[in-house]
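Quick one: the structure is below, questions incoming.
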Protein chains: 2
Amino acid sequence: MYRSNTCGELRITDISKEVTLAGWVQTVRKFGAITFVDLRDRYGITQLLFGEELNKQLEENPLGREFVLQATGVVNERSNKNPNISTGDIEINVQSFSILNRSAVPPFTIQDDTDGGDDLRMKYRFLDLRRNAVKKNLELRYAVNRAARNYLHKKGFMDIETPFLIKSTPEGARDFVVPSRMNPGQFYALPQSPQTFKQLLMVSGYDRYYQVVKCFRDEDLRADRQPEFTQIDCEMAFVEQEDILNMFEGMVKSIFKDVKGIDYTEKVHRMTWEDAMWNFGNDKPDIRFDMSLLNLKKPASVYVSKGDRSSLINGTGFKVFDDAETVLAIAVPGCSEYSRKQTDELTEWVKRPQIGMKGLVFIKCNTDGTYKSSVDKFYSEEKLKAIAEAANAKAGDLVLILAGAEERTRKAISELRLEMAERLGLRKKEEFRLLWVLDFPLFEYDEEGNRWVARHHPFTSPKPEQISTMINNNPVIENAAEYLKHPYANIKANAYDMVLNGNEIGGGSIRIYQRELQEKMFAALGMDKEEQQHKFGFLLGAFEYGAPPHGGIAFGFDRLCAILGGSESIRDFIAFPKNNAGRDVMLDAPATIDDKQFDELQIKLDLK
Amino acid sequence: MYRSNTCGELRITDISKEVTLAGWVQTVRKFGAITFVDLRDRYGITQLLFGEELNKQLEENPLGREFVLQATGVVNERSNKNPNISTGDIEINVQSFSILNRSAVPPFTIQDDTDGGDDLRMKYRFLDLRRNAVKKNLELRYAVNRAARNYLHKKGFMDIETPFLIKSTPEGARDFVVPSRMNPGQFYALPQSPQTFKQLLMVSGYDRYYQVVKCFRDEDLRADRQPEFTQIDCEMAFVEQEDILNMFEGMVKSIFKDVKGIDYTEKVHRMTWEDAMWNFGNDKPDIRFDMSLLNLKKPASVYVSKGDRSSLINGTGFKVFDDAETVLAIAVPGCSEYSRKQTDELTEWVKRPQIGMKGLVFIKCNTDGTYKSSVDKFYSEEKLKAIAEAANAKAGDLVLILAGAEERTRKAISELRLEMAERLGLRKKEEFRLLWVLDFPLFEYDEEGNRWVARHHPFTSPKPEQISTMINNNPVIENAAEYLKHPYANIKANAYDMVLNGNEIGGGSIRIYQRELQEKMFAALGMDKEEQQHKFGFLLGAFEYGAPPHGGIAFGFDRLCAILGGSESIRDFIAFPKNNAGRDVMLDAPATIDDKQFDELQIKLDLK
């Protein structure tokens, strides 16, 4: 061992001990005949004192930043104590030292506020990983991993490894494929998730399974997506939705406790998908704050069970509202005194291409009880008051109203809500609010193919009482314009998402376990018998031999860690991430391969 | 929840409780008006009793093997107790039941002594996994996983995930490659191990790293090799070989304790590679028993530090020995009374093509003190006695002697030693003996290329005292015939293998951490500067910025589990293994992919 102690552990109680430390030179400070060196390792920083007698040696072997140094000496009490670090009471009076390795000058500083840009830090990721900010993230990631495993172990779950070289069955996302040298012309696929395997394990009787496992999706990368990512993947047999919800809110609470010291004792709030869409404009609402939507106008075809408040805006001749498919409002607390400049700036904000609205209507609910709006020409103060009250606005609030096409307006108000909360400091990093979103639609409509696609995945079960609707109706959509009237449009899934602070951190469902229903589902997605058999014959076969009722969930491990770490970027929580072009710039991968490899794999390039 | 209890937990103390169980029908036995059903789940088997009043229902809904059944009833004391199962004191007097799913008749019985052949069981792996024999293996695997993690966590190791989509740098084994759609013409590779990443993590200061991680090698599969396999992968910084040996024999002992309840208190035995080869004929000797080799004759060029006992066999005119490069013997205890038939059978055994010897010489050390051999014509009883004594044979033992070319003879005697031990019952499944094999040669000679290859891998450090030999000599081999005289032939690696009962379960090394030495190593392996930079530029770069001394080890997790489970087949310990052609016969993978996939990846087939 090159050291007797780490750079983070010596205290005042260790005084007079002879110790050997090894680590990296953080700083070198000369004061006349003596030199101070801050030595850093994973555990902390310890000050080394090189006295006069060692100075000659130091002059012959000058230390630089990031040199690897081993030093032996005696622990002394410091005269100038540093209360900011745990070893700040002591220093090592060095008696001998050895330079274990030299370092070139790093391309950026190894500090929290580094001067290195993103690209440079990714290229030299091995240096970036030395920074305390990154180290803290990886430590948190390990703590989450460990907390999840410990909870699941206690609950009788078994970690069972599923294969990585499987069969390509693209449904939705693209597979990464791997040419097989031993089976020329054939390919493995990397798993997008262990979905079918965990279901087979349920059929096999392993009634509580988990895995912390890499998954792969060959998608065009949006910001903060990675082609390989990690899931906490779980499945249970002989359970209903309620059992899964309880089990896994328990897991997340246990992670909060173990990793953040937070006692999350309250029951996790639950919301139907329809309520989430209706009240927040999206299916992963941030409920750390309210500002729920006022649905002033909705198209007749969507959220059929909900009635809008169009009477509040109709009949005044305001064409913007009259012509809009959808009109939505939120009440922003305490912003009634926004200046013209501020409301103009907000208007520009919603007109940005990412949001895409044509304008913004506002109502100021003045503290003196009067109302002032950007549409005073069309709406009397009484009408403004009625709208504001319907939006739950109080005196001093600012009501913001967007109008336009249904989906775009809903997304826009949803973004605006988050933006205003951000500006008001309502999205606190250290406040955590969980939410279950339930009762998703089982199907989504695919316009291009005039057919159904599975909203979650093709293994998700409908609500038990809707199984017969599914079995007894033909999935074919005769009239594309009226697809919402097809019985399948109203089938709700036995599916659930867990949302944390406005991010989906996990999702799952109760699965289909009856062959007939699974075949109906595949048929609904446009798969004929032959394709079903080719792609999922093993699963349909398994359902013939006593498949139990089962369900599960998968958590996005990278995202969960990021949110717990107070960040929105998963890249900061991955040791060796890829950039947005799917490249590892440190390795310079992907890269060309040798002719011999093409030869052996019996493939060649076919570049367009 | 479909059950209140599992099928393994009810006891006599639960009598009179109303319970609901769910599981699979193992057996149905009718006795007149009553029916007994054994219901099975992951936790055990519980007997269900269906009384007269339920018989009608049962007749309408007959139960079959592997049906999924939910039954509610009252726990009763059994009249005929079954001491063989933990629930054998009780049965459930069923009040109501529900068939949750039916099952076709399974293609083989779900029992320890199944009637299913290997191929059938692989095709229906989801049924095979129901068998207790397989379940026990996966449970053991999970227990080993957990024990290893717990030990490493306690020792301050961090689980850090390394990427799966990396760069192809084939050295020795072939990479699986993955075409990149976003970077046409370029490929990722799947990692053969996280070797370079864990070294980078050491450079980054994460001084104790571990991972239980999938690795991939595209090799022609020998029996019991898998294209994807799992390693317990570990690395430490600021350590010397001794630190690693202590840390990881600690880990294996901790696994013994946690998983098998075995206190392995003695220090793990250590042996140099040369001693292992000399005394046992291979580098992973099974030391549960002795029977070490007598080196009667060796070629002058190998194991130069060892002197053979050729004086014992020379000068008698026995051409078989005189013409042989190598003559090796073992003394088999208690077999002096082998009949002619038995020695003939042994002779046939060594002549099989897998062993490949031309014949077998034996000396019977009779209990009356006389000696009898198959070469009495050439060797006097006195000479036979001298040989037998040199082989440590006692009265009653049988000395077996093989002669031939060096490598083949060494392998043959090594196999013969294991075979005789097997026959004598000396390879006990429940006896575990660990061994460290040390001081491997750093290089092996590659005849075809007349160059060096790395015996372990190109990142393994030579012994500290031999670094200068490596730096100061030209690796080029001028005279192929005399390669053993090249200074590189004698360089020993700072490498170590852990051997358990004759199987290598782990191997590792102290790594090179100096750029100059690493470049010299790459050069010795025939890589020019350009190739070094293309393949390993990131690592050489990292070594410029303060790389600490470090080393590590990787355990073959599948094999470790198999040996602990008393099996030599890793396939039995993998949930979804591939066959010897690299195929998953259940999934029918690998398989063809769609034209669209070829199109997007911009590759095409080039079948020979």
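So which lysines pass the test for A:LYS155, namely a Cα distance under 16 Å, with those fewer than 8 places away in the same chain ruled out?
Straight-line reach from A:LYS155, under 16 Å: A:LYS253.
Taking each pair of distinct Cα atoms in segment A:479-608 once, what is the resulting Kirkwood hydrodynamic radius in Å?
Numbers: mean 1/r = 0.0501 Å⁻¹.
This gives a value of 19.9 Å.
Could I ask something else about it? Treating only the Cβ atoms of Lys and Arg (+1) and Asp and Glu (-1) as charged, compute the dipole magnitude of segment B:12-101 about its Cα centre; round to the nearest 20 debye.
Using only the charged Cβ atoms, the result is roughly 240 debye.
I would also like to ask the following. When the helices in chain A are scored as -39500 (n - 2.57) per DSSP H run of 4 or longer and the sum is shared across all residues, what 222 nm value do you end up with, to the nearest 500 deg cm²/dmol? Could you put the intermediate results ahead of the total?
Values: 16 runs with 164 residues, N = 608.
Calculated at 222 nm, the ellipticity per residue is -8000 deg cm²/dmol.
At what distance in angstrom do the alpha carbon centres of segment A:96-157 and segment B:41-84 lie from each other?
Result: 56 Å between the Cα centres.
Along the three principal axes, how long is segment A:355-396 when you take its alpha carbons, biggest first, rounded to the nearest angstrom?
Over segment A:355-396, Cα extents along the principal axes are 33, 21, 16 Å.
Which order do peptides B:122-133, B:197-208, B:448-459 fall in by mean Cβ count within 10 Å, highest first? Walk me through the intermediate numbers first.
On the way: B:122-133: 20.9, B:197-208: 25.3, B:448-459: 17.2.
So the peptides B:122-133, B:197-208, B:448-459, ranked by packing, come out B:197-208, B:122-133, B:448-459.
If I model a spin label at B:GLU407 and B:GLU389 as a point 7 Å from the Cα along the Cα→Cβ vector, what separation in nanometres do I get?
3.7
Size of the dipole of segment A:289-427 about the Cα centre, Lys and Arg at +1 and Asp and Glu at -1 on the beta carbon, nothing else charged, in debye to 20? Mind dumping the intermediate values first?
Working: 22 positive and 20 negative charges, 36 e Å.
My answer is approximately 180 debye.
With every protein chain kept in the model, how would you rank A:ASP558, B:ASP376 by accessible area, 1.4 Å probe, largest at the top? Kindly include the intermediate steps, with their values, before the conclusion.
On the way: A:ASP558 10, B:ASP376 60 Å².
Listed by decreasing accessible area, they come as B:ASP376, A:ASP558.
Summarise the long-distance tail of P(r) for segment B:250-292 by giving the % of C-alpha pairs beyond 14 Å.
Details: 513 of 903 pairs.
Above the 14 Å cut-off, segment B:250-292 has 57 percent of its Cα pairs.
Assuming a ≥ b ≥ c are the square roots of the Cα gyration tensor eigenvalues, decide whether segment A:171-213 counts as rounded (a/c under 1.5), prolate (otherwise, with a/b larger than b/c) or oblate. Could you put the intermediate results ahead of the total?
Details: a/c = 2.84, a/b = 1.97, b/c = 1.44.
Prolate, since a/c reaches 1.5 and a/b exceeds b/c.
What would the Debye formula give as log10 I(q)/I(0) at q = 0.04, 0.06, 0.08 Å⁻¹ for the alpha-carbon point model of the protein assembly as shown, no solvent?
-0.29, -0.65, -1.09
At 0.36 nm per residue, and after removing the present C-alpha to C-alpha distance, how many nm does the segment from A:ASP220 to A:ASN132 gain when stretched out fully?
The A:ASP220-A:ASN132 span can extend by a further 28.5 nm.
Tell me, Kirkwood radius of segment A:289-427 from alpha-carbon pair distances, in Å? Numbers along the way, then the final one.
On the way: mean 1/r = 0.0670 Å⁻¹.
One decimal place: 14.9 Å for the Kirkwood radius.
Over all residues in B:542-555, what is the mean tally of Cβ atoms on other chains that come within 10 Å of each residue's Cβ? Don't skip to the answer; put the middle values down first.
On the way: counts 5, 3, 7, 17, 20, 6, 10, 6, 1, 0, 0, 0, 0, 0.
So the per-residue partner count for this stretch is 5.
Compute log10 of I(q)/I(0) for segment B:376-464 with the Debye formula, placing one identical point scatterer on every Cα and leaving out solvent, at q = 0.13, 0.14, 0.15 Å⁻¹, to two decimals.
Listed by q, the Debye log ratios stand at -0.79, -0.87, -0.93.
Also, quick follow-up: Largest first and in whole Å, give the semi-axes of chain A's equivalent ellipsoid, each being the square root of 5 times a Cα gyration tensor eigenvalue. Could the numbers behind the result be given before it?
On the way: eigenvalues 521, 277, 108 Å².
Listed largest to smallest, the semi-axes of chain A are 51, 37, 23 Å.
If one computes the Cα centroid of segment A:544-608 and of segment B:237-284, what distance in Å separates the two points?
36
Ok, one more. Rg to Rh ratio, segment B:413-468, alpha-carbon atoms and Kirkwood radius?
On the way: Rg = 17.8 Å, Rh = 15.0 Å.
Rounded to two decimals, Rg over Rh is 1.18.
Could you state the principal axis extents of the C-alpha atoms in segment B:96-192, from the largest down, to the nearest angstrom?
Extents along the principal axes: 58, 43, 33 Å.
Assign unit charges at the C-beta atoms only (+1 for Lys and Arg, -1 for Asp and Glu), then state the dipole size of the protein assembly as shown relative to its Cα centre in Debye, rounded to the nearest 20. Show your work: numbers first, answer last.
On the way: 164 positive and 182 negative charges, 231 e Å.
It works out to roughly 1100 debye.
With Rg and the Kirkwood Rh both taken from Cα atoms, where does Rg over Rh land for segment B:144-286? Spell out each step's value before the answer.
Working: Rg = 18.1 Å, Rh = 17.7 Å.
Reported Rg/Rh, Kirkwood definition of Rh: 1.02.
May I ask you to compute the full-extension gain from B:GLU465 to B:LYS596, defined as 0.36 nm times their residue separation minus their alpha-carbon distance, rounded to one decimal in nm?
Answer, rounded to one decimal: 41.3 nm.
Determine, from the Cβ-Cβ distance of B:GLU9 and A:ARG11 and an R0 of 60 Å, the FRET efficiency 1/(1 + (r/R0)^6), rounded to the nearest 0.05.
Numbers: r = 49 Å, r/R0 = 0.82.
Result of the calculation: an efficiency of 0.75.
Now for a separate question. Over the Cα atoms of segment B:1-40, what radius of gyration and what Dmax do you get, in Å?
Just the Cα atoms of segment B:1-40 yield Rg and Dmax of 11.7, 33 Å.
When the accessible area of segment B:131-192 is split by element with a 1.4 Å probe, what percent falls to carbon and sulfur? The partial results should precede the final answer.
On the way: 820 of 1740 Å².
Heavy-atom surface of segment B:131-192 belonging to carbon and sulfur, 1.4 Å probe: 47 percent.
Return the average number of partner chain Cβ atoms within 10 angstrom of each residue Cβ along peptide B:210-218.
Working: counts 0, 0, 3, 1, 7, 1, 4, 0, 8.
Per residue, the average neighbour count from other chains is 3.
Got the relative contact order for segment A:70-182 handy, in percent, Cα pairs under 8 Å and 6 or more residues apart?
Working: 71 pairs, mean separation 15.6, N = 113.
In percent, rounded to a whole number, it is 14.
So for chain B, averaging the separation of alpha carbon pairs under 8 Å that are six or more residues apart and normalising by length, what relative contact order in percent results? Numbers along the way, then the final one.
Working: 1122 pairs, mean separation 76.4, N = 608.
Once normalised by length, the contact order is 13 percent.
Using the Kirkwood radius over C-alpha pairs as Rh, can you work out the diffusion coefficient of segment B:286-328 via Stokes-Einstein at 25 °C, viscosity 0.890 mPa s, in µm² per second? It would help to have the intermediate numbers written out before the result.
On the way: Rh = 11.6 Å.
In µm²/s, the coefficient rounds to 212.
Would you kindly state how much longer the chain becomes between A:SER96 and A:GLU568 on full extension, computed as 0.36 nm times their sequence separation minus their alpha carbon distance, in nm to one decimal? Don't jump to the answer; show the numbers that get you there.
Values: separation 472, 0.36 × 472 = 169.92 nm, distance 4.63 nm.
Length gained, A:SER96 through A:GLU568: 165.3 nm.
Counting only other residues whose beta carbon sits under 10 Å from that of B:LYS298, what net charge do I get with K and R as +1, D and E as -1? Kindly include the intermediate steps, with their values, before the conclusion.
On the way: positive: B:LYS297, B:LYS306, B:ARG309, B:ARG410; negative: B:ASP308, B:GLU325, B:GLU406.
Once positives and negatives cancel, what remains is +1.
Among the listed pairs A:LYS136/B:LYS535; B:LYS17/B:LYS81; B:LYS319/B:LYS492; A:LYS578/B:LYS535; B:LYS341/B:LYS383, which have their C-alpha atoms separated by more than 28 angstrom in this model?
Over 28 Å apart, Cα to Cα: A:LYS136/B:LYS535; B:LYS319/B:LYS492.
So, one more: When all C-alpha to C-alpha distances in segment A:12-101 are sorted into bins of 10 Å, what percent of pairs does each bin hold, rounded to whole numbers?
17, 57, 25, 1
The values are calculated or read from the model by the stated rules, or taken from the named source; none is laboratory data. Nothing here was measured: the structure is a model prediction, and the numbers come from that model. Counting neighbours? That spans all protein chains shown, and the Cβs are built from the backbone with ideal geometry, glycine included. Note: areas computed on protein heavy atoms with side chains; ligands, DNA, RNA excluded. Shrake-Rupley method; radii C 1.70, N 1.55, O 1.52, S 1.80 Å.
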